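Asks: There's a structure below that I have some questions on.
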Amino acid sequence: MGAGSKSKGWCCWIVVILIAALVVTAAVITIRKKAHKNKPSPVPGPPGSIQKKYSDALGVAMQFFDIQKSGKLENNKITWRGDSALKDGSDVKADLSKGMYDAGDHMKFGFPMAFTATVLSWAILEYGDQMDAVGQLEPAQGSLKWITDYLVNAHPSPNVLYVQVGDPNVDHKCWQRPEDMTGERPVAKVDEKSPGSDVAGETAAALAAASLVFKQGDATYSATLLKHARQLFTFADTHRGLYSESLPDVQTYYNSTGYGDELLWAATWLYHATTDKTYLDYVTAENGKNYARWGKPSWFSWDDKHAGTQVLLSRVNIFGSHGLSSSNNQGLQMYRKTAEAVMCGLIPDSPTATKSRTDSGLTWVSEWNALQQPVAAGFLAVLYSDYMLTSQIASFDCSGNSYTPEDLRNFALSQADYVLGKNPMRMSYLVGYGSKYPQFVHHRGASIPADADAGCEDGFQFLNSTKPNPNVATGALVGGPFLNETYIDSRNNSMQGEPSTYNSALIVGLLSGLVATSSVTSSLTS
C-alpha cells in the first residue's frame, strides 16, 4: 500500500473519531437537558419575595372575620360593629357568646364554623411564615382563637356538643343589626341519643389543628384544645349518625351528606397533632376502605372533606414517617394517588381535566356560593405544589402526561386572579379589594346604618333599599358569578351576593400560599 493510501486511512479515522465525539457530546447534552427538565424549580424562602397583589388582598380578606364576630368585642376595629349576642348559651348555662355569625344573617351554625377553624388553622400551619412577613399572622391567630374559645365552651361534657345558636326560621324573619337582636336564641345539641358524627368530627378536626397552631405560644391552651379534640373524635366514632337527621331543621341550611369523611379528616388531624399511630391506623385500614373514596376525585367544601384529607395524608406519604406498617404505607399511597387525581382534574390541559369551568377558566360547580369550590381547589393545589417542591418531586402523571408543581401553582394563581378582578365583569369578588367590587352585599350589618333605630321587621326597608350598603363588608367573599360569568349586584340576590365565614377561611388559605413562593416544613408537629 502506498503513502497516499495511508494518508487517506488516517483521514478516515480522524473523521470517524470526530463524528463519534459529536455523537457523545450530543448525547451528554440531551441527557443533561432531560435531567434539567425533570428537576423541579429550586425552593426559595421562606418566605421569599412578597407579591404585593396577594399581600394586599390577604390583608383585606382577613378583616371579614372581625365583621362576623359575636360577643363582647375586644380591640374592635370595625366602626359599625359592637357587642352582640352576649347571652347566647345562657339557657343551657354555657357561655356561647363568642364564635362567628355564619353569613349575612345572625345564625351560629357549628358545622361550617368548625370547618372555618380547621381551614384557618391549616393555612396558619403551612403559611404562617408568609402571613407573619406581611403582618397577618397575629390577626389570623386571634380570629382562630375567637372560634376555638366558642367550640371549647360548646363541648361541656365528652358526649355533648352544642351545634347551633339561634332558630333559622325566626332569625330569617328579621332584618336588623346583630347589636339590636332581641328575639330568643335557642341552642341545639347532639349527644348519645341524637348523634352527629359529622359535626362532632369536624369540631374534633378544628380543635386538633388549632392545638398545633397554639402549641408553642400557649402550651396550656393547646393541651385543652387537644383534650376536647380527642373526646369529640371518640364521641363521633362511637355514636355514629348524621347531625342533620338528629336535627331535621338544619337540612334546609347545612344538610350533611355523610359523616365518614369527617371521621377520616378528624383522625388525620389528630395524627398530626399527636403522632399517635392509632389515628393513622384508623384512616389507612378498614375505615379508609369504607369511607376514603380512593380513586374518586371530589370537591373540597364544608360538607365534603375527602379531597382535603387526601392532600393532608399525601403530606405524610411525601415527607415520610418512620415506623409505619405496610398497611399504613399502602393506605397512604392510595390517598396520594387520589390526591393526584384531584390535581389532574384541576389542570386545564390535563387529559382528565374537569369540564366544570367557565369560559374564562374558573372552576364552577354550583349556582349557590359558586366561589367556594374554585377557591378551595386553588388552596389544595398550591399546598400540593409546595409539598412537591419541598421534596424535590419533579412531576406527577395524568393519564400519560406529566405535570409539575409550577402547573399546579399556575392553576391556583388563575383562580385567585379571577376572584380579584381578572374576569369578564372586571370586578373583584372580594369586597374592599380593587376599585370595583359588589356594593349591595347581602349582609344585615353592612346594609343598616350604625345609628339606625331598626327593629326586626321594619329593618327590611334597608334590605329593599336601592342605595348601596352604608357599611363596607371589607373582606367578604361573595357567592360569585353564574356559569355564564355574569353577576347581579342586588341585596336580594343572596345566591350570588351573600358572603360566608368559611369562604373567608378558604380565600385566606389560598392567598397565604401565594403571598410568596415558599417551601413548607416536613412536619406539622415541630
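The values are calculated or read from the model by the stated rules, or taken from the named source; none is laboratory data. All values reported here derive from a predicted model rather than from experimental measurement. Backbone-built Cβ (ideal geometry, glycine too); neighbour counts: all protein chains shown. Quick note on the areas: whole protein, heavy atoms, side chains included, nothing else; ligands and nucleic acids left out. Shrake-Rupley method; radii C 1.70, N 1.55, O 1.52, S 1.80 Å.
Asks: Once the other residues with Cβ under 10 Å from the Cβ of Met107 are scored (Lys, Arg +1; Asp, Glu -1), what is the net sum?
Replies: Value of the local net charge: -2.
Asks: Might you tell me the accessible area per residue for the chain, computed with a 1.4 Å probe and given in Å²? Don't skip to the end; give the middle numbers.
Replies: On the way: 21660 Å² over 526 residues.
Here the per-residue accessible area is 41 Å².
Asks: Over 30 Å between Cα atoms: which of Lys193/Lys289; Lys98/Lys436; Lys52/Lys87; Lys87/Lys305; Lys93/Lys173 fall into that group?
Replies: Result: Lys98/Lys436; Lys52/Lys87; Lys87/Lys305 exceed 30 Å.
Asks: Related question: Per residue and in cubic angstrom, what volume does the convex hull of the Cα atoms of the stretch 65-175 have?
Replies: 112 Å³
Asks: Under the rule of at least 5 residues apart or a separate chain, name every residue whose amide H is placed under 5 Å from the amide H of Cys398.
Replies: Excluding prolines and chain starts, which carry no amide H, the hits are Tyr403.
Asks: Normalising by the residue count of the stretch 81-125, find the relative contact order in percent from Cα pairs under 8 Å and 6+ residues apart.
Replies: Details: 25 pairs, mean separation 8.8, N = 45.
Relative contact order here is 19 percent.
Asks: Summing +1 for each Lys or Arg and -1 for each Asp or Glu, what net charge is found among the other residues whose Cβ lies under 11 Å from the Cβ of Thr352?
Replies: For residues surrounding Thr352, the net value is -2.
Asks: Here is a follow-up. Could you derive backbone 3J(HN,Hα) for the stretch 325-331 from the dihedral phi with the Karplus parameters 6.51, -1.76 and 1.60 (θ = phi - 60°), listing whole Hz in sequence and x where the residue is Gly or Pro?
Replies: Going residue by residue, I get 7, 4, 5, 4, 5, 5, x Hz, with x marking Gly and Pro.
Asks: Shifting gears a bit: Based only on the alpha carbon positions, what is the Kirkwood hydrodynamic radius of the stretch 339-387, in angstrom?
Replies: Computed over Cα pairs of the stretch 339-387, the Kirkwood hydrodynamic radius comes out at 11.2 Å.
Asks: Sequence neighbours fewer than 8 away in the same chain don't count; with that in mind, list the aspartates and glutamates whose C-alpha is under 15 Å from Lys296.
Replies: Those aspartates and glutamates meeting the cut-off are Asp261, Asp304, Glu340.
Asks: Give me the percent of the accessible area of the stretch 375-525 that comes from carbon and sulfur atoms, probe 1.4 Å, all protein chains in place.
Replies: For the stretch 375-525, the apolar C and S fraction of the accessible surface comes to 49 percent.
Asks: Got a sec to turn the phi values of the stretch 373-387 into Karplus ³J(HN,Hα) couplings, 6.51 cos²θ - 1.76 cosθ + 1.60 with θ = phi - 60°, whole Hz, x for Gly and Pro?
Replies: So the J values, rounded to whole Hz, are 5, x, 5, 5, 5, x, 4, 5, 5, 5, 4, 5, 4, 6, 4.
Asks: Check which residues have an amide H placed less than 5 Å from Gly421's amide H, if you skip close sequence neighbours.
Replies: Residues meeting the amide H criterion: Tyr429.
Asks: Note down the relative contact order for the stretch 90-154 as a percent, whole number, built from C-alpha pairs under 8 angstrom at least six residues apart.
Replies: 48 percent
Asks: Once you sort the root eigenvalues of the Cα gyration tensor of the stretch 174-275 as a ≥ b ≥ c, which label holds: rounded (a/c under 1.5), prolate (a/b larger than b/c) or oblate (the other case)?
Replies: Because a/c hits 1.5 or more and a/b fails to exceed b/c, the stretch 174-275 counts as oblate.
Asks: A further question on this structure: Return the ratio Rg/(2.2 N^0.38 Å) for the stretch 133-200, where Rg is computed over Cα atoms only.
Replies: 1.45
Asks: Separate question: Residue by residue through the stretch 481-487, which ³J(HN,Hα) values in whole Hz follow from phi under the Karplus form 6.51 cos²θ - 1.76 cosθ + 1.60 (θ = phi - 60°), with glycine and proline marked x?
Replies: Here the 3J(HN,Hα) series is x, 6, 4, 7, 6, 9, 9 Hz.
Asks: Please list the equivalent ellipsoid semi-axes of the stretch 399-457, computed as the square roots of five times the alpha-carbon gyration tensor eigenvalues, in descending order and whole angstrom.
Replies: Over the Cα atoms of the stretch 399-457, the ellipsoid semi-axes are 40, 13, 9 Å.
Asks: Using only alpha carbon positions, build the gyration tensor of the chain, then give the equivalent ellipsoid semi-axes as the square roots of 5 times its eigenvalues, largest first, whole angstrom.
Replies: The answer is 48, 28, 19 Å, longest axis first.
Asks: Name the residues whose placed amide hydrogens come within less than 5 Å of the amide hydrogen of Val163, ignoring near sequence neighbours (fewer than 5 apart) on the same chain.
Replies: Amide H neighbours of Val163, under 5 Å, 5+ apart: Ala188, Lys189, Val190.
Asks: So how much slack lies between Phe319 and Glu179, counting 0.36 nm per residue of separation and subtracting their Cα-Cα distance, in nm?
Replies: Computed gain between Phe319 and Glu179 is 45.6 nm.
Asks: Compute the signed sum of charges (Lys and Arg +1, Asp and Glu -1) over the other residues within less than 13 Å, Cβ to Cβ, of Asn169.
Replies: Net charge in that neighbourhood comes out at -3.
Asks: A further question on this structure: At 1.4 Å probe size, put Met495, Met62 in order of accessible surface, largest to smallest.
Replies: In descending accessible area the options line up as Met495, Met62.
Asks: Now for a different question. Helix-derived [θ] at 222 nm for the chain: sum -39500 (n - 2.57) over DSSP H runs of at least 4, divide by residue count, nearest 500?
Replies: -16000 deg cm²/dmol
Asks: A further question on this structure: Return the tail of the calculated pair distribution for the stretch 86-126, meaning the percent of Cα-Cα pairs more than 17 Å apart.
Replies: Of all Cα-Cα pairs in the stretch 86-126, 42 percent lie more than 17 Å apart.
Asks: Same structure again: How many percent of Cα pairs in the stretch 447-486 exceed 11 Å?
Replies: For the stretch 447-486, the share of Cα pairs beyond 11 Å comes to 73 percent.
Asks: When the convex hull of the C-alpha atoms of the stretch 409-526 is computed, what volume per residue in Å³ does it have?
Replies: Dividing the Cα hull volume of the stretch 409-526 by its residue count gives 152 Å³.
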